[in-house]
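The values are calculated or read from the model by the stated rules, or taken from the named source; none is laboratory data. Keep in mind the model is a prediction, meaning the values are calculated, not measured. Reconstructed Cβ throughout: ideal geometry from the backbone, glycine too, with neighbour counts over all protein chains shown.
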Amino acid sequence: MMRLGERVLRYVVAGLGTSLCYTLLVVALVHASLSAVAAAMLGFVLVQPIGLVMHGTITYPGALRARAHLPRVGARFMLTNTAGFGVASGSMALATSVWHASYLWGIAVTWVLIPIANFLIYLIWVFRQPMPHAVPGAALPPRPS
């Protein structure tokens, strides 16, 4: 079993990769004349498959190998990140419309809030492996006599 320190380090590496993709997408979309909020929303949606693959292979190695687990992991990942979508678009709206600051502040708020919450949710719910007896085709534990 992976130690918590190693898991956190792997999460940081995968998260930085995903966050960098998100940041580059938002900046490119803003420079392509989308509003900052629309760019944050579209960028967030587009980066989700990258995040699933990054976390499913780096942070939780093996989590995406078992085909039986993919629908469960994918659905939980998307449900968790739907809340993140609200944080990302809300942070951008707050930074640009309320604070009248640069859209880069909206990205910064997203970089802080989402990783903290997602690490805990991914650890205890999204990528948690089911008990062996819950996997179709797995050997059942022996029954007590």
Query raised in the report: Any idea which residue in segment 61-87 is surrounded by the most Cβ atoms within 10 Å (Cβ to Cβ), counting only those that are in contact with a Gly (Cβ under 9 Å, 6 or more places away or on another chain) and touching a residue at least 60 places away in the same chain (Cβ under 8 Å)?
Result: 63
**Report entry** Candidate set from segment 5-34 (those that are hydroxyl-bearing (Ser, Thr, Tyr) and in contact (Cβ under 8 Å) with a residue 40 or more places away in the chain); member that is nearest to residue 100 (Cα to Cα)
**Finding:** 23
Query raised in the report: What about residue 111, is it free of Cβ contacts under 8 Å to residues at least 12 places away in the same chain, touching a helix residue (DSSP H, G or I) at 6+ places or on another chain (Cβ under 8 Å) and assigned to a helix (DSSP H, G or I)?
Result: no
Query raised in the report: Across segment 53-88, what is the number of residues that are within 12 Å of residue 129 (Cβ to Cβ) and assigned to a loop (DSSP other than H, G, I, E, B)?
Result: 9
Report summary line: Just one listed residue, out of 36, 40, is out of contact with any strand residue (DSSP E or B) (no Cβ under 9 Å at 6 or more places or on another chain), at pLDDT 95 or above and aliphatic (A, V, I, L, M), and it is 36
**Report entry** Positions within segment 1-44 being among the charged types (D, E, K, R) and either touching a helix residue (DSSP H, G or I) at 6+ places or on another chain (Cβ under 6 Å) or loosely packed, with under 15 Cβ neighbours inside 10 Å (or both), in sequence order
**Finding:** 3, 6, 10
Report summary line: residue 50 passes all but one of the listed conditions (1) modelled with pLDDT under 95; (2) within 16 Å of residue 118 (Cα to Cα); (3) among the aliphatic types (A, V, I, L, M); the exception is number (1)
Query - Selection count where residues are touching a Lys or Arg at 6+ places or on another chain (Cβ under 8 Å), surrounded by fewer than 18 Cβ atoms within 10 Å (Cβ to Cβ) and either among the hydrophobic types (A, V, I, L, M, F, W, C) or modelled with pLDDT of 90 or more (or both), scope segment 106-134 - result: 2
Query raised in the report: Are any of the residues in segment 36-47 under 17 Å from residue 121 (Cα atoms) and part of a helix (DSSP H, G or I)?
Result: no
Report task. Check 91, 33 and return the single one that is in a helix (DSSP H, G or I) and farther than 17 Å from residue 18 by Cα. Result -> 91
**Report entry** residue 116 being closer than 19 Å to residue 7 by Cα and out of contact with any His (no Cβ under 8 Å at 6 or more places or on another chain)
**Finding:** yes
